[in-house]
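Single-structure report; data block below.
The values are calculated or read from the model by the stated rules, or taken from the named source; none is laboratory data. Quick caveat: nothing in here was measured; it's all calculated off a predicted structure. Note: ideal-geometry Cβ built from the backbone for every residue, glycine included; neighbour counts use all protein chains shown.
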Amino acid sequence: MKTNVFMLLIVAFAPFSAVTQNMVLNPSAESDPSSNGWTEASGFQWTRRATGNPPSYEGTYMFFAGPVGGEVELYQDIDVSAYATTIDNETQPFKFEDYVRSFSQSPVDQTKVIVEYRSAAGLVLSSFNSGYGSNTSAWLLVTDTRIAPATTRTIRIRLFSKRNSGTNSDGYHDAISLEPLAPLPVELVDFQAFAEGNKIKLSWQTASELDNDGFIVERTTNGHVWEELGFVQGYGTTSEKHGYHFVDENPLLGLSYYRLRQKDFEGEEEYSEVVSVDFRNLEDFRNLKIYPNPATSQLHLMNLEIDDFDYLLVTDRHGRRVLMTHDLASSLEIGHLEPGIYHLQLNGATTMQTLRFVKN
Ligand SMILES: [Ca+2]
Ligand SMILES: [Ca+2]
């Protein structure tokens, strides 16, 4: 890329790369977990099991809950306060890995892992939950990469085993790792992203351009996998200022990150800095409203995006279903309902929204 193109925005391309620094103590169960790095939350039998049937994933041992029933847990708290600056800028990703396996018996025992991003006060700010599963033929890699929420100071790794048969709890874990990845670049100039209605608008400026083909807009939620959203044509070669806009028509709930990949006519590319937008409030986000409220015979749904939802449910204040329909429309007959407080719930494949109304 020619140097004076896109001069307001371009910062050096800084891809994620593993620092190959595993922060987990005794990550492979090569020492007894109860005395080295790990804490038994429940079970009180956690130990290490020697390779054999099945073999460990690596080294000589794997984490093993011992002769105990039910669901039991071993955890480790990892102090990440050394990364406070990049964490609080919300630019610090961590990559987690755990290998899991179960003993071959029927019904089979199960494994689960939860990774919690916690504040100094112990509040869980974000978490990954693998859910229970079992695989007996080979070790399965469970992995999660995400950007630590601001104020994260501890990452808790929680290993679970659940006994379903026999005397031992045979959900095994081995080769656990938590690695800080290279932080996202933070230098912000004139590239912005903000919510407007139920969309996210991006805007940016160039001071001058040379051979600028245009900009590919990209989005990520985990800082690891970037998705292409679209292309915005550049002005080619110009010494004037130009403003650009792009609208993300289908933003995701929660924190999303955006960046621009600028292409010149020769195909060379540069990345912009990264900006973030937080969509926490679904009601604000969808801008859906009902009126009148209180209502007597008919309820109107304003800004209802019918394609987002599969069905509508109305429940009374005791949680009983009083109305359900798949025929979504901008108005709803409620004349037959008893006077009282109701909740209207809209359900879709990826979203759910609840609004409260009063029937006179
Ligand atoms: Ca091991
Ligand atoms: Ca068992």
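Taking segment 52-82 as the range and being more than 14 Å from ligand 2 (Cβ to nearest atom) and touching a Gly at 6+ places or on another chain (Cβ under 8 Å) as the test, the residues that pass are 73, 74, 76. Residues satisfying the criterion are absent from segment 29-37 (criterion: crowded, with 22+ Cβ neighbours inside 10 Å, away from ligand 1 (no atom under 13 Å from the Cβ) and modelled with pLDDT of 95 or more). The strands (runs of 3 or more DSSP E) found wholly in segment 93-206 and carrying at least 1 residues that are within 16 Å of ligand 1 (Cβ to nearest atom) and acidic (Asp, Glu) occupy 93-102, 171-180.
Is at least one residue of segment 97-106 over 21 Å from residue 254 (Cα atoms), without any contact (Cβ under 8 Å) to a residue 40 or more places away in the chain and assigned by TED's automatic domain parsing to the domain that holds residue 165? So far as segment 97-106 goes, no, none of its residues is over 21 Å from residue 254 (Cα atoms), without any contact (Cβ under 8 Å) to a residue 40 or more places away in the chain and assigned by TED's automatic domain parsing to the domain that holds residue 165. For residue 200, the criteria (1) crowded, with 16+ Cβ neighbours inside 10 Å; (2) β-branched (Val, Ile, Thr); (3) over 15 Å from residue 274 (Cβ atoms) hold in every case but one, which is (3).
Residue by residue, here is whether (1) surrounded by fewer than 16 Cβ atoms within 10 Å (Cβ to Cβ); (2) within 22 Å of residue 63 (Cα to Cα); (3) modelled with pLDDT under 95 holds:
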position: 90; (1), (2), (3): no, no, yes
position: 93; (1), (2), (3): no, no, yes
position: 99; (1), (2), (3): no, yes, no
position: 109; (1), (2), (3): no, yes, no
position: 114; (1), (2), (3): no, yes, no
position: 130; (1), (2), (3): no, yes, yes
position: 135; (1), (2), (3): yes, yes, yes
position: 142; (1), (2), (3): no, yes, yes
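Residue by residue, here is whether (1) closer than 26 Å to residue 146 by Cα; (2) surrounded by 17 or more Cβ atoms within 10 Å (Cβ to Cβ) holds:
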residue: 49; (1), (2): no, yes
residue: 57; (1), (2): yes, yes
residue: 64; (1), (2): no, yes
residue: 67; (1), (2): no, no
residue: 71; (1), (2): no, yes
residue: 74; (1), (2): yes, yes
residue: 80; (1), (2): yes, yes
residue: 86; (1), (2): yes, yes
residue: 125; (1), (2): yes, no
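Remark: pairs (first residue in segment 41-66, free of Cβ contacts under 8 Å to residues at least 24 places away in the same chain; second residue within 14 Å of ligand 1 (Cβ to nearest atom) and assigned to a loop (DSSP other than H, G, I, E, B); Cβ separation under 7 Å; 6+ apart in sequence or on different chains) = 47/32; 48/29; 48/32; 50/60; 51/60. Applying the criterion of at least 1 residues that are of a type in the set (A, V, I, L, M, F, W, C) and either surrounded by 14 or more Cβ atoms within 10 Å (Cβ to Cβ) or without any contact (Cβ under 8 Å) to a residue 60 or more places away in the chain (or both) to the strands (runs of 3 or more DSSP E) found wholly in segment 237-338 leaves 242-248, 254-264, 275-279, 289-291, 298-302, 311-316, 321-325, 331-333. Contact annotation: residue pairs with Cβ atoms under 6 Å, 6 or more positions apart or on different chains, pairing a residue in segment 159-181 that is at positive phi with a partner that is part of a strand (DSSP E or B) and of a type outside the set (A, V, I, L, M, F, W, C), are 175/99.
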